[in-house]
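Visitor: Dumping the structure here so I can ask a few things about it.
Nothing in this text is a laboratory measurement; each read-out follows from the coordinates by a stated rule. This one's a predicted model, so the numbers in the text were calculated from it and none came from an experiment. Please note: Cβ atoms are built from the backbone with ideal geometry, for glycine as well, and neighbour counts cover all protein chains shown.
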Amino acid sequence: MNNKKKKANRRLKCVGEDRISELPDAIIIHILSLLASTKLCVKTCVLSKRWHHLWTFVPNIIFDEHDFPYILFDERRHHIMERVVNKTLALRSSSKLNNFSIQISDIQDMYPSFESWLQLAVERAVESLTLDFIHNGHSSTGYLLPQFLYSNSHIRILTTEVCEFVPDGRISWSALKELSIRQATLTDEVIQNILYGTPLLEDLELNFCHGIKLLDLSLKPKLKNLVVNVQVLHVNDSRYYHFELKIVGPYVETLKLSWSRDNFKCKLMNMSSLVKATLDIDFLDDDDYIEEWYPNMVKELVENVLPAEQLQLTNYCTQALSTLRMDVMASLSSNLRSLDVDCRGEEYLYGIECVLQCAHKLEKLVIFFDYGRSSKSKYDGYTKDYWTNAEIPSCLDSHLKTIEISGLIRTRVVVEFLQFLLKNSRVLDKMVLRHFNHKYGLILAERLSSYPRSSQKAVFLAPKSISKATLNFKELFL
């Protein structure tokens, strides 16, 4: 044992202290600022005397009530957390605050403390502010943002959850570039106030927000990324059951629009700059529950996003493709490079086929197959020899390079469709198999590899669970 200690000491003398300790304080503080929470930063004070106060110079305050697991079920847990945050703020040495983040259950008796913390963050020119109040069901409203917060020239990123926006006057967030609002009731007046007061806004996320009927972004040339996610809350008030929203976004380049019920009406207007679009629209499986206007609304939404270069359509949106006129689809999809879709029945597959015929520049095709959710099919055009005589889309001849498939492939039509793609995709580089279990993935890969392929350079890439097998798939499929 003594010999081992002597050898260790000799090694230490040769290399000196550990390399991290040799770094300047500024670099160590920067490293600490990358940690996920203030609690982790504080823990480093036990490493050595030199590290004892370094955490107090980190320009971030990040607290989550789950940082205190030993008091999560203590009725005093929020008061304990309140004291910890206050003490941490008192011990801080840094005058600058880059990031201030609090995640805690919505407890009204802590509101005075929240306001004092916010006041301190504003005084120290905070740049990223996160107020995440986990809804506990005790209150019908969220935390009312203090009035002093509505005028700020330093905040660049603002994220709120279960917060209410009720400004007395004009909002002025002159430096704000990213805004994410989750679970809030917003009016058209408030949202327009926000838009007018954020000249540099680039990213806007509205998750589970209600009350907005018009989102007019026609005066926001810098706003490029928009996310709107609507969820039906389980409330008895009928005012919260039906939603209508019109979005005007001539400068929006990336759009993600999602909801999961048929009581939400949405209309897109002037989305002429779209590069990437995602429509994730689900509904009750029983057609009796679908409103008469719903299919036409989804069809119009799909038409508005087809000009994008990258398009992701899930659930009902893929089926809507089959209802578009071919001349309309051809004129709208001329720039489409990447298509990511769900296929839950043969009418869905027909919509995918139509896009292939019209999107002459398509380079990537991603399909999730799930025929199990489609109990009924209204399309019966796929006879046994359909794909043998089908017209070959021009994109297969010169552009389609990547095909990704996942889900359950268990019908004749789907197998023949994949065989058709392999046979006619002349420039195909790879077919990727995703999210398959080991046994099913092996069987599918071996079967697909046996089909004729126009592109001799094409390879099959399997998920990690399959690639752990002894077979080398790249060599097997060449």
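Visitor: Go ahead and run the numbers for FRET between ASN335 and LEU219, Cβ-Cβ distance against an R0 of 22 Å, rounding to 0.05.
Guide: 0.30
Visitor: Just to be sure I understand the model, the point goes 7 Å from the Cα along the line to the Cβ. What's the resulting MET326 to SER260 distance in nm?
Guide: Each label point is offset 7 Å from its Cα along the Cβ direction, giving 3.8 nm.
Visitor: Given the alpha-carbon gyration tensor of segment 165-209, what are the semi-axes of its equivalent ellipsoid in whole angstrom, ordered largest first, with each equal to the square root of 5 times an eigenvalue?
Guide: The three semi-axes for segment 165-209 are 16, 14, 7 Å.
Visitor: Ignoring solvent entirely, what values of log10 I(q)/I(0) come out of the Debye formula for segment 108-236 at 0.19, 0.21, 0.22 Å⁻¹ when each Cα is a single scatterer?
Guide: After summing over all Cα pairs, the log10 values are -1.15, -1.40, -1.53.
Visitor: Let me ask you something else. How long is the gain from CYS45 to SER21 if the chain were fully straight, where each residue apart is worth 0.36 nm and the alpha carbon distance is subtracted?
Guide: Fully extending the segment from CYS45 to SER21 adds 7.4 nm.
Visitor: Under 10 Å from the Cβ of LEU97, count the other residues' Cβ atoms, weight Lys and Arg +1, Asp and Glu -1, and hand me the total.
Guide: Within the 10 Å Cβ shell, the charges total +1.
Visitor: Among 346-352, 198-204, 40-46, how do they line up by average Cβ neighbours within 10 Å per residue, starting with the highest?
Guide: Packing order, densest peptide first, comes out as 346-352, 198-204, 40-46.
Visitor: Run the numbers for ARG156 and LYS96: contour at 0.36 nm per residue of separation, minus the present Cα-Cα distance, in nm. Walk me through the numbers before you get to the answer.
Guide: Details: separation 60, 0.36 × 60 = 21.60 nm, distance 1.45 nm.
Going from the current span to full extension adds 20.2 nm.
Visitor: For segment 154-222, what does the relative contact order come out to in percent, with C-alpha contacts under 8 Å and a separation of six or more?
Guide: Taking the mean separation of contacting Cα pairs over the length of segment 154-222, I get 33 percent.
Visitor: Based on Cα positions only, what radius of gyration and what Dmax would you give for segment 294-360, in angstroms?
Guide: Considering segment 294-360 through its Cα atoms, Rg and Dmax are 10.3, 30 Å.
Visitor: Which net charge results when you count Lys and Arg as +1 and Asp and Glu as -1 among the other residues whose beta-carbon is under 12 Å from that of ILE212?
Guide: It works out to a net charge of -2.
Visitor: Order these peptides, 326-335, 151-160, 306-315, by their mean beta-carbon neighbour count within 10 angstrom, highest first.
Guide: Going by the mean number of other Cβ atoms within 10 Å, highest first, we get 306-315, 151-160, 326-335.
Visitor: Can I ask one more? Determine, for each peptide in 412-421, 180-189, the mean count of other beta carbons within 10 angstrom over its residues, then list the peptides with the highest first.
Guide: On the way: 412-421: 18.9, 180-189: 16.8.
Top of the packing list down: 412-421, 180-189.
Visitor: Measure off 7 Å from each Cα along the Cα-to-Cβ vector at VAL166 and SER105, then give the distance between these two points in nanometres to one decimal.
Guide: Between VAL166 and SER105, the label points sit 2.4 nm apart.
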